[in-house]
Amino acid sequence: DVLPKDSLILSILETGSKRLVKTLTEIVELQQAALSERTSTLLLLFECTVYHLNKIAQSVFESLEMEKREKLHMILLDSPIERTYQYALKKLDDWYGNQIPTSFIPRMMEHPCVEVKAYLSQKMKDTFSNLKGANPDLYIYYVKALLYLPNKVSKSKESIYHTIPLFLNYYPEKRQEIEHILLDIGSTNSKIDSERALVTFAQIQKEVSIL
C-alpha cells in the first residue's frame with residue numbers, strides 16, 4: 001500500500017523481471033495520489049522505458065495544480081531523454097500556444113538539446129520576423145521576457161532592440177508601454193543593457209519628432 005522508494009523503483013526497472021515490473025506498475029497505478037507529491041519519482045517514471053508507467057506519470061502530471069505543474073514542466077523540459085522533453089514541448093503548445101511562460105525561457109535557452117533551443121527560437125522568430133502581422137501584445141511579452149535576461153543572451157537582445165522602432169511604426173499605440181520598458185532597463189546597473197535601451201529610446205524620440 002506504500003509507494004516504493006526511488007532507489008527500489010530504479011532497481012526494478014533496471015534489473016527486475018517482467019513480472020516484477022508488472023507488479024510495480026500495478027502499485028504505482030494505485031498510488032497516484034502519493035505520486036503527485038514525489039517529483040523525483042514522477043521524473044523517473046517519465047524517463048523509464050515502460051510505456052504504462054510513462055502514461056501514469058503523464059496522467060498525474062496533467063492533473064497537478066498549476067504551480068506544481070509548472071515546476072515539474074520545467075524539470076521535464078530539462079530532461080536529456082528525448083521522449084520526455086518532446087512530451088514537455090508538446091504540452092507547451094497544448095497549454096500555452098505561442099506565449100511560453102517567461103520562467104521557462106532562460107532554462108530552454110540553456111538546454112543541451114538542439115530541439116528544445118530550436119523550438120524556442122522558432123517561437124521567437126514567428127513573433128519578431130513579421131512585425132506587420134504580429135500580435136502586438138505577444139511581441140511586447142517576448143520583448144520583456146528577453147530584454148530583462150542577463151547579458152549572456154546579448155546577440156538576441158541586440159536584434160530585438162533593432163525591431164522596436166519598426167514595431168512602433170505599425171503599432172504606435174504601444175509607444176508608451178515600450179518607452180516605459182526601455183527607461184526601466186536604462187536605469188539598471190548593467191552598462192550594456194542600459195546603453196542599448198537608452199539609445200533605442202532616443203531613436204524613437206527622434207523618429208517621432210521627424211514625423
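Structure notes:
- Taking only the Cα atoms of the range 79-208, the ratio Rg/Rh comes out at 1.00, with Rh defined as the Kirkwood radius.
- In the chain, the longest principal axis of the Cα atoms and the axis of helix 154-170 are about 60 degrees apart.
- Annotation: peptides 163-174, 16-27, ranked by per-residue average of other Cβ atoms within 10 Å with the highest first, follow the order 163-174, 16-27.
- Reducing the range 99-123 and the range 163-195 to their Cα centroids gives an inter-centroid distance of 23 Å.
- Between Val199 and Ser17, the simple label model (points 7 Å from Cα in the Cβ direction) yields a spacing of 7.1 nm.
- Folded to 0 to 90 degrees: helix 51-63 orientation relative to the chain principal axis, Cα: 50 degrees
- Note on the chain: dipole from Cβ charges, positive end direction compared against His52, Pro101, Pro165; the farthest Cα belongs to Pro165.
- In the chain, the longest principal axis of the Cα atoms and the axis of helix 191-210 are about 50 degrees apart.
- The simple Förster model, with R0 at 35 Å and r as the Cβ-Cβ distance, assigns Ser129 and Glu67 a FRET efficiency of 0.55.
- The length gained on full extension between Ser7 and Lys191, counted as 0.36 nm times the residue separation minus their Cα-Cα distance, comes to 61.4 nm.
Bear in mind that the values in this text are calculations on the coordinates, not laboratory data. Since we're looking at a predicted model, the values are computed, not measured. Because the Cβ atoms are built from the backbone with ideal geometry, glycine has one as well, and the counts that use them run over all protein chains shown.
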